[in-house]
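The values are calculated or read from the model by the stated rules, or taken from the named source; none is laboratory data. Small disclaimer: the values here were computed from a predicted structure and weren't measured. Counting neighbours? That spans all protein chains shown, and the Cβs are built from the backbone with ideal geometry, glycine included. Surface accessibility is based on the protein's heavy atoms, side chains included, excluding ligands, DNA and RNA. Shrake-Rupley method; radii C 1.70, N 1.55, O 1.52, S 1.80 Å.
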Amino acid sequence: MNGKQIVFTAANRAELLDVELPEVGEHQVMVQTVISTISAGTERANLTGDPNVDPNGASRVSFPRSSGYNSAGIVVRTGSAVTGVKPGDRVVVYWGKHQNYNVVPEEQVIPLDGEGLPHSLSFETGALSFITTFPMAAIRKTRLEMGESALVMGLGVLGLIAVKLLRAAGAVPIIAADPNPRRRELALKYGADDAFDPLQEDFARQVKDATHGGVNTAIEVTGVGAGFNEALDCMAKFGRVALLGCTRNADFTVDYYKKIHGPGITVIGAHTIARPNVESHPGWFTHRDDIQAALRLCAGGRLNLEEMVEETHSPEECAAVYERLAFDRNFPIAVQFDWRKMK
């Protein structure tokens, strides 16, 4: 059986290609994709050929490459040993691809209409639920307490979702930081109490004034060393900083003695793969449990992901969409492909 997949065939070039789909194994599920979401940071790194895209070590720069790890669709086929879903079920797929059919292990498929979830949850929401677990895990790892202050450095899709989650978790005040004024406006719309430009000379003083001495927790999502340094300048004593952004350029220095050691700051690696595979425990949840938590927050009215979607395209428009991702620093916050639009 043949399918269609978005493939990065060379640096800064995406094409929709015919691909041969694998047979469905006994523990696997085939899902017909309805919506898939672009994760701008990771996909830009793959699209441009960034050699440091792999957190486990420098990757060899080669093409073709593919991406697209959060989608939602309808189960069309299941293996003989699959018991959790059946054909016709609406599901979330994580670690899939931007393609019209994904064949994945059963554990990477989560019902969109599962226990405690209404049928009103959309495919658009489902296709953002896995991405939501990235800042969710970072916040869990800081052990945020209700009433503590929080800083989000960098307001791309992960940073803005972090703002929403911090609001739901009871952080106060929530400080958002980004040089882009439109993103600061979005952060205020999504629940931040203040939004500052980190390029201003008095940025750290603004944050400390707004938090009466410094923030208790920080989610660093810029992926830039200067962002981490500035977050450290904003911390209260004994604060915790979660490093969620992928700092692929390591050309920076930190005064660890003054900024970490002296004030007793905890720095936490919060890449999404740094989590348990099987059993969740406080502060450390599996992918499945965090996705289900994100869906429950949406179903309960505590979290609105769909409002973040700024553009929806047919996969047949992928070349133009990814050209913008490669070269336009003002690429929209959340962009999705609707696979129903293919001719």
inquiry  = With n ≥ 4 as the cut-off for DSSP H runs, can you work out [θ] at 222 nm for the chain, using -39500 (n - 2.57) per run divided by the number of residues, rounded to the nearest 500?
reply    = -8000 deg cm²/dmol
key: the stretch 149-163 - phi-based ³J(HN,Hα) in whole Hz, Karplus 6.51/-1.76/1.60, Gly and Pro as x   = 7, 9, 10, 10, 9, x, 10, x, 4, 5, x, 5, 5, 4, 4
key: Residue-wise HN-Hα coupling along the stretch 286-295, computed from phi with Karplus coefficients 6.51, -1.76, 1.60 (Hz; x: Gly, Pro)   = 6, 4, 4, 5, 6, 4, 5, 5, 4, 5
request  = Could you tell me what percent of the accessible area of the stretch 64-164 is made up of carbon and sulfur, with a 1.4 Å probe and every protein chain present?
outcome  = 52
message = Sequence gap of 8 or more, or different chains, plus Cα separation below 24 Å: how many lysine pairs satisfy both in the chain?
response = 20
task = Calculate one ³J(HN,Hα) per residue across the stretch 329-334 by plugging θ = phi - 60° into the Karplus curve 6.51 cos²θ - 1.76 cosθ + 1.60, and present them in order as whole Hz with x for glycine and proline.
result = 6, 9, 4, x, 4, 10
ask   = How do the peptides 229-240, 121-132 rank, highest first, by the average count of neighbouring beta carbon atoms within 10 Å per residue?
value = 121-132, 229-240
key: Largest to smallest principal axis extent of the C-alpha atoms in the chain, angstrom   = 60, 43, 34
request  = Note the angle between two axes, namely the Cα long axis of helix 318-327 and the longest principal axis of the Cα atoms of the chain, as a number of degrees from 0 to 90, rounded to the nearest 10.
outcome  = 20
inquiry  = Quick check: residue separation of T253 and L188 times 0.36 nm, minus the Cα distance between them. What number comes out in nm?
reply    = 20.3 nm
message = Given a 1.4 angstrom probe, I'd like the percentage of the accessible area of the stretch 194-343 that is carbon and sulfur, rounded to a whole number.
response = 49
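Which order do you get for D178, D328 if you rank them by accessible area with a 1.4 Å probe, largest at the top?
Values: D178 15, D328 55 Å².
Final ranking, largest accessible area leading: D328, D178.
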inquiry  = Need the C-alpha centroid separation for the stretch 171-232 versus the stretch 118-151, integer Å.
reply    = 19
key: Extension gain from D289 to N2, taking 0.36 nm per residue of separation minus the Cα-Cα distance   = 100.1 nm
ask   = Can you work out the FRET efficiency for the pair H212 and I273, with r the C-beta to C-beta distance and R0 = 41 Å, to the nearest 0.05?
value = 0.70
message = Rounded to the nearest 5, what % of DSSP beta bridges with both residues in the chain are antiparallel?
response = 60
request  = Using a/c under 1.5 as the rounded threshold, could you call the stretch 217-343 rounded, prolate or oblate? The axes a ≥ b ≥ c are square roots of the C-alpha gyration tensor eigenvalues, and prolate needs a/b larger than b/c, oblate otherwise.
outcome  = oblate
ask   = Between I74 and E310, what length comes free when the chain is fully extended (0.36 nm per residue of separation minus the Cα-Cα distance, one decimal in nm)?
value = 82.6 nm
query = What accessible area per residue comes out for the chain, rounded to a whole number of Å², with a 1.4 Å probe?
reply = 44
message = Tell me the volume per residue, in Å³, of the convex hull enclosing the alpha carbons of the stretch 1-146.
response = 142
request  = Would you mind putting 262-268, 288-294 in packing order, based on average other-beta-carbon counts within 10 Å, highest first?
outcome  = 288-294, 262-268
note = If R0 = 51 Å, then A320 and N229, at their Cβ-Cβ distance, give a FRET efficiency to the nearest 0.05 of 0.90
request  = Determine, for each peptide in 184-195, 29-40, 310-321, the mean count of other beta carbons within 10 angstrom over its residues, then list the peptides with the highest first.
outcome  = 29-40, 184-195, 310-321
